[in-house]
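Taking it in order: structure first as C-alpha cells, then the write-up.
The values are calculated or read from the model by the stated rules, or taken from the named source; none is laboratory data. Because the structure is a prediction, the values reported are computed rather than measured. We place every Cβ from the backbone using ideal geometry, glycine too, and count neighbours over all the protein chains shown.
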C-alpha cells in the first residue's frame, strides 16, 4: 500500500501534474503550438486504452509484481531520454510512448489490483492512501518541478525525475509488491486470520471468497460484468469525467499564466487544487468502507456535481478570489471521485477479474480521453481563450453527476465460477 503510494507520488508528480509545468517550456523549445504539444499526452492515453485490457488480464492471471517493475524501468528511462529529444517526433516517442506506457502499466491497474486483492473491508482506506500520496505529488513534486525548471531547465528536470524513479522505485517494487492475493500465502484480506489452521489451498481460497461475501462482494468474470447495466452506466458517467480531468491536468498552468500569473505561482495554485483533494481522498475511502454498497453511486454523483460547481463558479467570475475558490471546490470533488472509482468497481464486481474489468472499461473510454487535451489546445489556438472548453466541461460534469445514481449494484451472476476463471 505504501509502496504504491510512493510510486504514485513521484510518477504522477511528473506525468499527471508536472507536465502542466513542463508544457510551455517544451512547446517554446521545440516551436510547437498548444494543440500539437498536447498530442503527446493523448498518445499516452491512446496507449493506455489499447494496453489496459491486456495489462488487466495479465495482472489478474499472473500477478502485478513483474509488470510494475517493467513499468517503473520504462518511466525512468523515458524521463532520462527526454534530455536528448530535438524534434516533435522524438518528443512524441519519448514522452507519449515511453513515459506514457510506463505510467500506464506501472501506476494504474496493477497497483489497484494488488491493493484490491489484499484488502476487502478496509479497501476504501487502503486505496485512498494510495491516492493520498498521488495527491501529495501535486503539493510536493509539482512545486519542486517548477523550481527545477527555473534553475536547470526542462531537460535536466526530466533527467532528475528519471534517476529518482529508477533508484527508489525498482527496489520498492522488488521487495514489497506481492504477486498473488493473500490466500495464497495462508492469509486473509485486511490482515485477518483463519479461525483454524489448514494446509488445503482450495479451502483457504474458498475462505477468502466467504470473507468478501460478508460485505456482499461477489466474484464476477469479465463477461458477466459486461452483461450488467451497472458496467455500462459507470462507463457512460466516466467518459465526460476522463475528458475534463485529462484536459485540466495539462492546461491549468497555461490557463493561469495566460491570465498574467507567474509560472511558479501558477504551479503553486495548481498545488492548492491538488492539496484540496487530499483530505477528500482520505474521507472518501473512510466513508466508503462504512456505507452499504448501494449508496456508493450517490457518493460518486455528489463528487461529480461538486466538480461541476467549481467550474461554474470560475465561469461566473475570473477574479483571483474566485480562481482560488474554483481550485478548492474542484479539488474536493476530484479527491472524492478518485478514491471511490476503483473501490466501487471492486465492490460491484469482486477481486478475481478486477484488472480485466478495469482494463476493458479504460479501453472503451479512451477515445474521449485522447481528444480532451487536443480539443482544449485547439480551442485556445483558434479563440485565444479556454472559456468555450470550460463551459463544455461544466455541462459534461453535471450530466455525469445526474446519471451516476442509476448505476445500481448488479445482481450476483447465475454461476459463481472458480477464482481462476477471469474472462
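If a residue has to be within 12 Å of residue 91 (Cβ to Cβ) and either assigned to a helix (DSSP H, G or I) or without any contact (Cβ under 8 Å) to a residue 40 or more places away in the chain (or both) to count, how many in the range 30-43 make the cut?
Filtering the range 30-43 down to residues within 12 Å of residue 91 (Cβ to Cβ) leaves 30-32, 36-41, 43.
Now drop any that are not either assigned to a helix (DSSP H, G or I) or without any contact (Cβ under 8 Å) to a residue 40 or more places away in the chain (or both), which leaves 30-31, 36-41, 43.
The number of residues fulfilling the criteria is 9.
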_Considering only the range 353-361, I want to know if a residue exists there that is assigned to a loop (DSSP other than H, G, I, E, B), surrounded by 24 or more Cβ atoms within 10 Å (Cβ to Cβ) and at pLDDT 85 or above._
yes
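Residue-by-condition table, conditions (1) touching a strand residue (DSSP E or B) at 6+ places or on another chain (Cβ under 7 Å); (2) at pLDDT below 90; (3) assigned to a loop (DSSP other than H, G, I, E, B); (4) over 19 Å from residue 45 (Cα atoms):
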| position | (1), (2), (3), (4) |
| --- | --- |
| 370 | no, yes, no, no |
| 378 | no, yes, no, no |
| 381 | no, yes, no, yes |
| 385 | no, yes, yes, yes |
| 391 | no, no, no, yes |
| 395 | no, no, no, yes |
| 398 | no, no, no, yes |
| 401 | no, no, no, yes |
| 408 | no, no, yes, yes |
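Of everything in the range 180-215, what is in a loop (DSSP other than H, G, I, E, B), closer than 28 Å to residue 53 by Cβ and at pLDDT below 75? Give them in sequence order. Before you say what the answer is, go through the steps one by one.
Of the residues in the range 180-215, the ones in a loop (DSSP other than H, G, I, E, B) are 180-181, 186-188, 192-200, 214-215.
Checking which are closer than 28 Å to residue 53 by Cβ leaves us with 180-181, 215.
Of everything in the range 180-215, just one residue is in a loop (DSSP other than H, G, I, E, B), closer than 28 Å to residue 53 by Cβ and at pLDDT below 75, namely 215.
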_Selected residue (only one of 348, 330 is in contact with a helix residue (DSSP H, G or I) (Cβ under 7 Å, 6 or more places away or on another chain), buried (at least 22 other Cβ atoms within 10 Å of the Cβ), modelled with pLDDT of 90 or more and closer than 23 Å to residue 115 by Cβ)_ = 348
*Sort through 176, 231 and tell me the only one that's surrounded by fewer than 15 Cβ atoms within 10 Å (Cβ to Cβ), at pLDDT 80 or above and within 29 Å of residue 121 (Cβ to Cβ).*
176
*Since residue 258 meets every condition but one in (1) under 23 Å from residue 371 (Cβ atoms); (2) surrounded by fewer than 23 Cβ atoms within 10 Å (Cβ to Cβ); (3) within 19 Å of the chain's Cα centre (by Cα); (4) modelled with pLDDT of 85 or more, which condition does it not meet?*
(3)
